[in-house]
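Remarks on the structure that follows.
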Amino acid sequence: QVQFVESGGGLVEPGRSLRLSCATSGLIFSRFTMAWYRQSPGKERDLVAKITRYSETNYADSALGRFAIFRDIAKNMVYLQMDSLKSEDTATYYCNQFPPIDNRWGQGTQVTVSS
């Protein structure tokens with residue numbers, strides 16, 4: 001069964017960094033494009049970044065230049081390095097395939113950026 005488990009969120013001040021981790025299981029990880037998404041209360045879940053099986057990356061405009069997605073195929077892990085965090089980055093972050101498997105969303109990890 002496909003499963004995604006996110007971790008690494010927390011409360012940080014603006015300008016600081018966080019690294020999110022996503023442990024995956026139940027899929028042939030190396031074959032799929034993986035992605036990070038985020039959702040704020042009352043808003044749609046949006047794509048933040050994605051990485052293909054060939055390690056090609058793509059970012060939302062809001063993340064470009066500040067965030068970096070990478071994967072460790074040997075560990076079936078996906079990461080999101082977030083630098084220069086802003087208050088508007090506050091959200092619950094999720095990982096999933098791209099396009100996402102709708103009934104396989106994990107619990108997510110909460111990121112709160114506040115002074």
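The values are calculated or read from the model by the stated rules, or taken from the named source; none is laboratory data. Nothing here was measured: the structure is a model prediction, and the numbers come from that model. Virtual Cβ from ideal backbone geometry, glycine too; neighbours counted across all protein chains shown. Each accessible area value is taken on the protein alone, full model and side chains, heavy atoms only, with ligands, DNA and RNA left out. Shrake-Rupley method; radii C 1.70, N 1.55, O 1.52, S 1.80 Å.
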Next item on the list: Would you be able to say whether some residue in the range 66-77 is under 13 Å from residue 110 (Cα atoms), within 14 Å of the chain's Cα centre (by Cα) and surrounded by 15 or more Cβ atoms within 10 Å (Cβ to Cβ)?
Entry: no
Margin query: Criterion first (open to solvent by 50 Å² or more (accessible area, probe 1.4 Å) and farther than 13 Å from residue 99 by Cα) does residue 24 satisfy it?
Written below: no
Checklist line | Positions within the range 29-45 being touching a Phe, Trp or Tyr at 6+ places or on another chain (Cβ under 9 Å) and farther than 14 Å from residue 79 by Cβ, in sequence order | finding: 32, 33, 37, 38, 39, 45
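Rundown of residues vs (1) charged (D, E, K, R); (2) assigned to a loop (DSSP other than H, G, I, E, B); (3) farther than 15 Å from residue 13 by Cα, yes/no style:
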{"residue": "63", "(1), (2), (3)": "no, yes, yes"}
{"residue": "68", "(1), (2), (3)": "no, no, yes"}
{"residue": "74", "(1), (2), (3)": "no, no, yes"}
{"residue": "78", "(1), (2), (3)": "no, no, yes"}
{"residue": "84", "(1), (2), (3)": "no, yes, no"}
{"residue": "95", "(1), (2), (3)": "no, no, yes"}
{"residue": "100", "(1), (2), (3)": "no, yes, yes"}
{"residue": "107", "(1), (2), (3)": "no, yes, yes"}
{"residue": "111", "(1), (2), (3)": "no, no, no"}
Notebook entry, point to check: Given 56, 88, 44, which one is closer than 25 Å to residue 26 by Cβ, open to solvent by 70 Å² or more (accessible area, probe 1.4 Å) and of a type in the set (Asp, Glu)?
Noted result: 56
Notebook entry, point to check: When both residues are 6+ apart or on different chains and their Cβ atoms are under 9 Å apart, which pairs have a first residue that lies in the range 8-21 and is free of Cβ contacts under 8 Å to residues at least 60 places away in the same chain, and a second that is part of a loop (DSSP other than H, G, I, E, B) and surrounded by 13 or more Cβ atoms within 10 Å (Cβ to Cβ)?
Noted result: 21/8
